[in-house]
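Structure first, commentary second.
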Amino acid sequence: MHDARTVVITGANSGIGFETARHCAKTGWRVVLACRNPAKAEEAAARIRAECPDAWLAPRVLDVSEPDSVAAFAQALSADPGRLDVLVNNAGVAQVPLGRNSAGHELHLATNYLGAFALTGLLLPLIEPRPGNRIVNVGSLAHRVGRLDFDDLDWQRRPYNDWQAYAASKLALITFTLELARRLEAAGSPLVALAAHPGFARTNIHLNSPTLRRRHEARSGWLHRHLEGLVPDAERAARPVIHAITAPEVRGGDYFGPGGLFETGIGGRVRPARISRRARDPEMARRLWELSEALTGVRYLSDL
């Protein structure tokens with residue numbers, strides 16, 4: 001295992017994160033399972049070891065929504081003499097009630113974007129600067145309908161809408177991905193930043209969202225059962241993310257999805273996905289980067 005590559009996967013205890021971790025472990029990667037709940041992290045590691053007893057797994061505690069947890073995780077990882085090759089920013093929440101982290105940031109923004117921005121900056125010096133190494137962010141189809149209100153990014157004044165908050169956080173993540181790719185290239189780094197989205201997926205993400213849980217429980221009947229069977233399970237839905245991690249020929253700013261009907265994953269294979277015009281706005285990207293540095297206190301690749 002001395003030549004094995006190391007990947008950090010946030011939110012690796014369930015859904016897309018778990019299936020990604022399982023695939024990487026079974027194919028010889030060293031996998032750091034970065035999870036908010038330590039018991040669930042250990043449980044996920046045990047499930048993978050049951051299939052692959054020789055897997056190299058390191059369950060670690062990380063709540064990406066909390067700045068102190070992100071800083072502590074990065075500090076602990078920096079004390080490890082092993083190299084880091086890939087970071088996968090997968091952890092996220094969807095359509096949760098209005099809530100805030102200890103710094104006062106709205107939870108979608110804090111979990112789906114600001115945590116990823118800060119973690120990437122803190123771990124960037126640990127990632128071996130060589131071709132093939134990369135940062136992979138897990139996006140969503142929802143980014144296409146997202147809008148960033150720079151005057152109220154944290155939903156302090158606007159009436160809160162859980163869907164709009166989720167979509168905005170994913171738009172921020174994809175915008176960040178493209179800007180990170182540009183800045184890495186401008187800095188002459190061999191690292192690349194790219195993203196992937198799972199399309200529709202049968203995961204347990206609805207368990208943390210009253211809105212999604214109500215919709216899930218309200219569905220019934222033959223038609224729902226028929227359509228449910230067409231929606232990819234987490235293992236299939238993770239394929240675009242796994243492709244983004246492992247494909248040898250990728251470029252900064254690439255974005256992959258499951259293909260099929262409207263990139264939902266209902267039929268089709270992994271293919272390049274469509275990025276919204278807003279996410280490709282360079283002025284919005286610059287403004288978001290500067291604001292993100294101010295909100296997180298983490299500065300990197302500045303003035304590029």
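The values are calculated or read from the model by the stated rules, or taken from the named source; none is laboratory data. Note that this is a predicted model, so its numbers are computed, not measured. Positions of Cβ are backbone-derived with ideal geometry, glycine not excepted, and every protein chain shown enters the neighbour counts.
Worth a mention:
- Index of the failed condition, I16 passing every other in (1) surrounded by 23 or more Cβ atoms within 10 Å (Cβ to Cβ); (2) free of Cβ contacts under 8 Å to residues at least 12 places away in the same chain: (2)
- Filter result for the condition that a residue is touching a residue at least 12 places away in the same chain (Cβ under 8 Å) and in a helix (DSSP H, G or I), over A72, A91, A118: A118
- Annotation: of all residues in segment 81-106 being out of contact with any helix residue (DSSP H, G or I) (no Cβ under 8 Å at 6 or more places or on another chain) and modelled with pLDDT of 95 or more, the one that is surrounded by the most Cβ atoms within 10 Å (Cβ to Cβ) is D85.
- For segment 108-132, a tally of residues being out of contact with any helix residue (DSSP H, G or I) (no Cβ under 8 Å at 6 or more places or on another chain) and either among the acidic types (D, E) or buried (at least 20 other Cβ atoms within 10 Å of the Cβ) (or both) returns 4.
- Identity of the residue in segment 56-67, out of contact with any strand residue (DSSP E or B) (no Cβ under 7 Å at 6 or more places or on another chain) and part of a loop (DSSP other than H, G, I, E, B), that ends up farthest from I9 (Cα to Cα): E66
- Filtered residue count, segment 151-188, keeping only those that are surrounded by fewer than 17 Cβ atoms within 10 Å (Cβ to Cβ) and either among the polar types (S, T, N, Q) or assigned to a helix (DSSP H, G or I) (or both): 4
- Restricting A41, A50 to residues that are over 13 Å from the mean Cα position of the chain (by Cα), within 18 Å of L119 (Cβ to Cβ) and assigned to a helix (DSSP H, G or I) narrows the list to A41.
- Some residue of segment 18-31 being modelled with pLDDT of 95 or more, hydroxyl-bearing (S, T, Y), within 13 Å of the chain's Cα centre (by Cα) and part of a helix (DSSP H, G or I): yes
- Among the criteria (1) part of a loop (DSSP other than H, G, I, E, B); (2) within 23 Å of V86 (Cα to Cα); (3) modelled with pLDDT under 95, the one G252 does not fulfil is (3).
- Residues that are assigned to a strand (DSSP E or B) and touching a residue at least 60 places away in the same chain (Cβ under 8 Å) within segment 126-150 comprise I127, R134, V136, V138, listed in sequence order.
- Candidates are the residues of segment 61-80 that are within 14 Å of A118 (Cα to Cα) and β-branched (V, I, T); the one that is surrounded by the fewest Cβ atoms within 10 Å (Cβ to Cβ) is V70.
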